1. Test of understanding: among K160, K195, K216, which residue is free of Cβ contacts under 8 Å to residues at least 40 places away in the same chain, charged (D, E, K, R) and either touching a helix residue (DSSP H, G or I) at 6+ places or on another chain (Cβ under 8 Å) or over 15 Å from G126 (Cα atoms) (or both)?
2. Just checking, does region 148-157 include any residue being part of a helix (DSSP H, G or I) and either polar (S, T, N, Q) or within 16 Å of the chain's Cα centre (by Cα) (or both)?
3. Looking only at region 119-132, which residues are assigned to a helix (DSSP H, G or I) and touching a helix residue (DSSP H, G or I) at 6+ places or on another chain (Cβ under 7 Å)?
4. What tally of residues in region 52-70 results from selecting those that are touching a residue at least 40 places away in the same chain (Cβ under 8 Å), touching a Lys or Arg at 6+ places or on another chain (Cβ under 8 Å) and surrounded by fewer than 20 Cβ atoms within 10 Å (Cβ to Cβ)?
5. So, in region 253-290, of the ones that are of a type in the set (D, E, K, R) and over 22 Å from the mean Cα position of the chain (by Cα), which residue ends up surrounded by the fewest Cβ atoms within 10 Å (Cβ to Cβ)?
6. So, in region 101-158, exactly how many residues are farther than 21 Å from G56 by Cβ and buried (at least 21 other Cβ atoms within 10 Å of the Cβ)?
7. Report, by residue number, each residue of region 66-98 that is of a type in the set (S, T, N, Q) and within 14 Å of the chain's Cα centre (by Cα).
8. Having 3 or more residues that are in contact with a Phe, Trp or Tyr (Cβ under 9 Å, 6 or more places away or on another chain) is the bar; report the strands (runs of 3 or more DSSP E) wholly within region 53-118 that clear it.
Amino acid sequence: MATEVFATSTQTLSFCKTPNETQNGALSLKTILLINDDGIFSSGLIALKKRLDKLGKVMVVAPKEEISGIGKAITSTRVVQIEEVQLSDGSKAYALDGTPADAYLLAVNKILKSPPDLVAAGINLGPNLGIDDFLNSGTLGAALEAAVHGVPAIAVSYCKPEISDRKADKCKITVQELGLAAGIAEELAGYVLRKGMPPSVDLISVNVPENADCTKLKVTSLCYTGYGDLFTKEERGYRIVHWRLADYADADPETDVHVVKDEGCISITPVKVRLEHNKKSLKSVLKGVF
């Protein structure tokens, strides 16, 4: 089954260990491009970079400020500015006033001047579950942009049950709290850098619930149930006030939504970025129309 648990509590998995207990040899010749949508100084980006630094050369190019919910949009109506900044670990990074997809395109074409070996997106401070999140998330947007260009991509999200004050709640999430999500990303990234993506997989989306058991992972499919009523009426109109796992619709047991929301397990979703084109059925329609 798609939701088969492939790790048990009797196993000691490397991402269950603390960072100094892992012994992954650095893949020094590999280049990893790290992007997010929560802003370049987000704890999620720092947590992920700490683990990926052991696997190769990590280049950080990300939006200067949070730009969630932007999907794979690119900036076409104004100048996108890039500035060099210093992260909390003392490393150099590039901050831009554009989108995560902009970050991929500018990094590859203007900074790196070549495609990276892997794109890592995240750690997103909030869930990215189901088809709506997949298409709307800036974190997934960066990974999608990479996948469209044939670059392996991993997107990682941390699923708190509720985010009611986006800025304040996200600022409270620490690098230490994100250790498990970062560890899983490190393991997946190491595998992809050594052996490539699994067959027919362009992008891997990981969702890690708060207080997850590191031994309970399930391979899932996207939930194809869309959003319900997210907007709250206010004086001047409507606004999405909070983001809650409880608001995701009940879903099939094999989907990412069910596994995270109802089982509290870690969801790992493989995605092939290729739309279906049923030309035969359309041709039959056109014969009757024209």
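The values are calculated or read from the model by the stated rules, or taken from the named source; none is laboratory data. A quick note: this is a predicted structure, and the numbers were derived from the prediction, not measured. Methodologically, a virtual Cβ is constructed for each residue, glycine included, from the backbone with ideal geometry; neighbour enumeration extends over all protein chains shown.
1. K195
2. So far as region 148-157 goes, yes, one or more of its residues are part of a helix (DSSP H, G or I) and either polar (S, T, N, Q) or within 16 Å of the chain's Cα centre (by Cα) (or both).
3. G130
4. So the answer is 1.
5. Within region 253-290, the first condition is being of a type in the set (D, E, K, R), and the residues that meet it are 254, 256, 261-263, 272, 274, 276, 279-280, 283, 287.
After this cut, where a residue has to be over 22 Å from the mean Cα position of the chain (by Cα) as well, the list is 276, 279-280, 283, 287.
Values: E276: 5, K279: 8, K280: 7, K283: 9, K287: 8.
The selected residue is E276.
6. Matching residues across region 101-158 total 18.
7. S68
8. The strands (runs of 3 or more DSSP E) meeting that bar are 57-63, 82-86.
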